[in-house]
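Q: This is the structure I have questions about; it appears just below.
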Amino acid sequence: MEFDYKNVKVNKINKKVFRIYTKKHDDDLIELYSKSIEETSLIESSKHPLIQLKDNRIFIRNNEEFLFNFETLFSKLDNKNYYSIKFNIDNINVYGLGDKMAPIRKNGYWYKSWNTDTSEHHDELFPSLYKSINFIILNKNNSYIGLFFPSTFPYNFDIGKTKIDELVVNNFNYEHDLFVILGNNLKEVISNYSLIVGRPYFVRMKMLGNNQSRWSYDNEEQVREVAKKYRENNIPLDYIHLDIDYMDGFRDFTINKTSFPNMKKLTDDLKNDHIEIVSINDAAIKKDSKYFIYTKLKKNNLFVKYNNLDYVNTVWPGDCSFPNYLDDKCKKLFERYANKFIKETGVSGIWDDMNEPASFKGELPIDCEIKYNNRIVKHEEWHNVYGEHMNRSFVKCFEKENKRAYLFSRAGFATSSKYSFFWNGDNFSLWHHLRFGITQILSMSLSNAPFNGCDIGGFGGDTNKELLIRWVEAMFLIPFFRNHTTKNTMHQEAYSFDVETMNIYRKYMQIRYDFLPYLYNLTRNMHKNGELIVSPIFYIYPKDQVAKNIEDEYMVGDKIIIAPIVDCNTASRVLYLPQGKWINYFTNNVYVGNKKYILNLNLNEVGFFIKYNTLMPMYENLQYIDKENIDTLVLKLFGIKGECKIYDDDGVSLDYKKGKYNFYYASFKDGIFNFKIKKNKYKTGYKYLKLKINNKEFVLDFEEYNNFKINLE
Ligand code: GLC
């Protein structure tokens, strides 16, 4: 059917973001750009220098070139309205789409946005996984643009699969509505996108620590044993996770009193050892007339409906109903249950699971309904944001304690990072899941969900010594580091194999903790500016054409490159280093960039490179993160000069919102060390500054050395 271009409207959201639509998707199911960013004007697209409608196509100009253009189509298919947008992607790379277990470069496949739980091995032929993030990045030569499709209805993305040079995005249920996001480079495009969907929230510093999990540690003794083993073997640890067996019959916010007779005592004892507990919470609620949550929700008519009755399907507890988390009253009830639970048990974090929503007897029918803002909303429209609304129920539990949330989720939508962070679901202990785990994490990163991670060692099936070691080496600086596995598999805690495995695990956890101030700076930049923590190399070097073909190496901030082994029985790999000079962290050898090398890596080694001339903020010898009691900030020089800006606050509270944080500026050049406290609104626990320059160490008094220069030669 002919598409009438006169219906297309273009709104200017800000200088770099435009919304092009025939009908705006009701924003009420999600929270889009902050109200402070007004849609300033309806621009007359035919005259606008950046967006033009011409010859039935929409042209978008970026970086002084007309690079991108597309055709919007409307037709009837199977009696359903079919809205699609067609882009020519000849010589265009496509990235994004969140957690798909697929290459970073998405060309050659099709994908579907429909939050999906599947227990099979995930791979690149799976069109949908747990999250629906309808954000894609198009890249041609040195130019990047972002496209965001805000409708919560399912989308299909055929990225050059049917026709190699065509990207077709379609939605059966919703008219055209997309944001076009421009920027001078990839970083700007992602940051501008992040402003539209919301910046990722700021995490606690402790959340950058090591997390140990298993489905399940069945009782208190087992949990204490894990804590003891980590401490006794000097492997840093900050959190232990409790999977569903801590509950009474898999009922949320209850405890199995036989196996966990005194949860509060357990969490208190572990806290004395600086280990905190995170507990799982599933989306569906056991249908049980004696269960307080079920009866309350039933009484208040707060379950998802099918044919006017509460819909029932099977999840872990057996028959379950599905709360209407989109409803404010429902959210408030869950907030109350969680508050009470947190208070009574002393758990520190909430792990939201099965919130796609997952159900074992087939998916919820498409006609399942909820009531939302006085309208009836069908499953097809609310499905993809169900998980997000569940997560939103718990944000205030932490806020009211003046704490940043430890809240993570399996399901999510494009707008979800402002409430929770993510892990990427049920991977397997397979080599290709290690490889795709990296691309999945990097794609989540590119999609404004930088704080994420996957089950280290693999969830399904037994891991083995070599796989676990390579997994730890590949991911020791990934934002969320959690070892987790399913029921009845071999144990895979750091100490579970042999001394060699444990020594290697310890070594990498120790390095992770050493780099905490650097990682923490990055999480702050993520929250403040929408910057990535880990990224493909081309995020930092967007003009580097070689970097665009690299899927198994990545950057941590702009100073670190990780090049792991992701294949079995392999002890060497090709290493690519972008421009500049790079220092091998382990050997101190200097490598020249813009070049490929063969890197030999024994079982205990990973490619770990620091940009030459970096002054790196670090810690040393930590076994856990108790920010306020860390007294020494280390600055280590890699190269002959360097500078850095360091963010500092209490690491846990929301006081940073009131400006209670510090910034330090440090530099070393020509033998002169310079340190300035640029902003000083937080009373830091740092007492000493330790400089590590070449092989020399200097310990200085932190307070005394504000604004000083010292000649160290
Ligand atoms: C789901 C989760 C997994 C968890 C299991 C039992 O499969 O993805 O992490 O261990 O449920 O709760």
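Q: Listed residues N662, N680; which is at pLDDT 90 or above, polar (S, T, N, Q) and open to solvent by 90 Å² or more (accessible area, probe 1.4 Å)? Before you say what the answer is, go through the steps one by one.
A: On the way: N662 fails: open to solvent by 90 Å² or more (accessible area, probe 1.4 Å).
Just a single option satisfies the conditions, and that option is N680.
Q: Still on this structure, I have one more. Six or more apart or on different chains, Cβ atoms under 9 Å: show the pairs whose first residue is in the range 359-382 and closer than 15 Å to F303 by Cα and whose second is β-branched (V, I, T) and open to solvent by 50 Å² or more (accessible area, probe 1.4 Å).
A: Short answer, once both residue conditions are applied: E369/I376; I370/I376; K378/I366; H379/I366.
Q: Kindly state which strands (runs of 3 or more DSSP E) lie completely within the range 353-461 and contain at least 3 residues that are more than 16 Å from the ligand (Cβ to nearest atom) and open to solvent by 10 Å² or more (accessible area, probe 1.4 Å). Break it down into steps so the answer makes sense when it comes.
A: Working: elements: 369-372, 375-378, 407-409, 421-423.
Correct list: 369-372, 375-378.
Q: From the residues in the range 493-513 that are in contact (Cβ under 8 Å) with a residue 40 or more places away in the chain and in a loop (DSSP other than H, G, I, E, B), which one is surrounded by the fewest Cβ atoms within 10 Å (Cβ to Cβ)?
A: Y495
Q: Here's a follow-up. Could you tell me how many of the residues in the range 614-635 are under 23 Å from the mean Cα position of the chain (by Cα) and within 14 Å of K683 (Cα to Cα)?
A: Selection size over the range 614-635: 1.
Q: Tally the residues that are assigned to a helix (DSSP H, G or I) and open to solvent by 10 Å² or more (accessible area, probe 1.4 Å), restricting the search to the range 180-194.
A: 4
Q: Continuing with this model, one more query. More than 27 Å from K340 (Cα to Cα) and either among the aliphatic types (A, V, I, L, M) or modelled with pLDDT under 95 (or both) - does that describe any residue in the range 387-408? So that I can check it myself, show each step before the final result.
A: Going through the range 387-408, the residues more than 27 Å from K340 (Cα to Cα) turn out to be none.
Checking the range 387-408: not a single residue is more than 27 Å from K340 (Cα to Cα) and either among the aliphatic types (A, V, I, L, M) or modelled with pLDDT under 95 (or both).
Q: Shifting gears a bit: Just for the range 93-120: of the residues that are open to solvent by less than 10 Å² (accessible area, probe 1.4 Å) and β-branched (V, I, T), which one is nearest to the chain's Cα centre (by Cα)?
A: Just the residues of the range 93-120 that are open to solvent by less than 10 Å² (accessible area, probe 1.4 Å), to begin with: 94-102, 104, 106, 111, 113, 115.
Then keep just the ones that are β-branched (V, I, T); that gives 94, 104.
Numbers: V94: 20, I104: 15 Å.
Checking each candidate, the answer is I104.
Q: Oh, and also: Here's a check for you: in the range 270-311, which residue that is among the charged types (D, E, K, R), open to solvent by 40 Å² or more (accessible area, probe 1.4 Å) and part of a loop (DSSP other than H, G, I, E, B) is nearest to the ligand (Cβ to nearest atom)?
A: Only one residue tops the list, namely K287.
Q: Name the residues in the range 577-598 that are of a type in the set (S, T, N, Q) and more than 31 Å from the chain's Cα centre (by Cα), would you? Write out each step before concluding.
A: So in the range 577-598, the residues of a type in the set (S, T, N, Q) come out as 579, 584, 587-589, 594.
T587, N588, N589 - these are the residues of the range 577-598 that are of a type in the set (S, T, N, Q) and more than 31 Å from the chain's Cα centre (by Cα).
Q: If a residue has to be basic (K, R) and either closer than 20 Å to K378 by Cβ or surrounded by 14 or more Cβ atoms within 10 Å (Cβ to Cβ) (or both) to count, how many in the range 312-333 make the cut? Explain how you work it out, then say what you get.
A: From the range 312-333, those basic (K, R) are 329, 331-332; that's our starting set.
Then keep just the ones that are either closer than 20 Å to K378 by Cβ or surrounded by 14 or more Cβ atoms within 10 Å (Cβ to Cβ) (or both); that gives 331.
Within the range 312-333, residues that are basic (K, R) and either closer than 20 Å to K378 by Cβ or surrounded by 14 or more Cβ atoms within 10 Å (Cβ to Cβ) (or both) number 1.
Q: With the structure loaded, tell me whether K229 is more than 15 Å from the ligand (Cβ to nearest atom), surrounded by fewer than 19 Cβ atoms within 10 Å (Cβ to Cβ) and under 19 Å from T345 (Cα atoms) or whether it fails that test. Spell out how you get there, then give the answer.
A: On the way: more than 15 Å from the ligand (Cβ to nearest atom): yes; surrounded by fewer than 19 Cβ atoms within 10 Å (Cβ to Cβ): yes; under 19 Å from T345 (Cα atoms): no.
So K229 fails the test.
Q: A further question on this structure: Checking K528 against (1) among the charged types (D, E, K, R); (2) open to solvent by 50 Å² or more (accessible area, probe 1.4 Å); (3) over 30 Å from G183 (Cα atoms), which single condition isn't satisfied?
A: (3)
Q: For residues that are touching a residue at least 40 places away in the same chain (Cβ under 8 Å), assigned to a strand (DSSP E or B) and over 28 Å from the mean Cα position of the chain (by Cα), tally how many sit in the range 636-663.
A: 3
Q: Which of the residues that make up the range 319-332 are of a type outside the set (D, E, K, R), touching an Asp or Glu at 6+ places or on another chain (Cβ under 9 Å) and either closer than 19 Å to I244 by Cα or outside any loop (DSSP other than H, G, I, E, B) (or both)?
A: C320, S321, F322
Q: So, in the range 482-508, how many residues would count as being touching a Phe, Trp or Tyr at 6+ places or on another chain (Cβ under 7 Å) and closer than 20 Å to I562 by Cα?
A: Within the range 482-508, the first condition is being touching a Phe, Trp or Tyr at 6+ places or on another chain (Cβ under 7 Å), and the residues that meet it are 482, 484-487, 494, 502, 508.
Retained after the next criterion (residues that are closer than 20 Å to I562 by Cα): 482, 508.
Looking only at that region, the number is 2.
Q: In addition: Spot the failing condition for D218; the list is (1) over 28 Å from D650 (Cβ atoms); (2) more than 16 Å from the ligand (Cβ to nearest atom); (3) of a type outside the set (G, A, S), and only one is missed.
A: (2)
Q: Looking only at residues that are under 29 Å from K487 (Cβ atoms) and open to solvent by 10 Å² or more (accessible area, probe 1.4 Å) in the range 195-215, which one is nearest to the ligand (Cβ to nearest atom)?
A: The qualifying residue nearest to the ligand (Cβ to nearest atom) is W215.
Q: Just a yes or no: is a residue in the range 121-132 open to solvent by less than 10 Å² (accessible area, probe 1.4 Å) and basic (K, R)? Quick ask: steps written out before the conclusion?
A: Of all residues in the range 121-132, those open to solvent by less than 10 Å² (accessible area, probe 1.4 Å) come to 122, 129-132.
Checking which are basic (K, R) leaves us with 131.
Checked the range 121-132: at least one residue is open to solvent by less than 10 Å² (accessible area, probe 1.4 Å) and basic (K, R).
Q: Right, another one. Take the range 114-140 and flag every residue that is under 12 Å from I92 (Cα atoms) and either touching a helix residue (DSSP H, G or I) at 6+ places or on another chain (Cβ under 8 Å) or free of Cβ contacts under 8 Å to residues at least 24 places away in the same chain (or both).
A: Passing the criteria: I137, N139.
Q: Check the range 532-548 and report whether any residue there is under 22 Å from N629 (Cα atoms) and crowded, with 18+ Cβ neighbours inside 10 Å. Steps first, please.
A: Looking only at the range 532-548, we keep the residues that are under 22 Å from N629 (Cα atoms), and these are none.
No, because not a single residue in the range 532-548 is under 22 Å from N629 (Cα atoms) and crowded, with 18+ Cβ neighbours inside 10 Å.
Q: Continuing with the same structure: Considering each residue of the range 79-96, count those that are more than 23 Å from F59 (Cα to Cα) and in contact with a strand residue (DSSP E or B) (Cβ under 9 Å, 6 or more places away or on another chain), and give that number. Reasoning before the result, please.
A: Of the range 79-96, the ones more than 23 Å from F59 (Cα to Cα) are 79-81.
Filter once more, keeping what is in contact with a strand residue (DSSP E or B) (Cβ under 9 Å, 6 or more places away or on another chain): 81.
Result for the range 79-96: 1.
The values are calculated or read from the model by the stated rules, or taken from the named source; none is laboratory data. This one's a predicted model, so the numbers in the text were calculated from it and none came from an experiment. A quick note on method: Cβ atoms are made from the backbone with ideal geometry, for glycine too, and the neighbour counts reach across all protein chains shown. Ligands, DNA and RNA are excluded from the accessible area calculation, which covers all protein heavy atoms including side chains. Shrake-Rupley method; radii C 1.70, N 1.55, O 1.52, S 1.80 Å.
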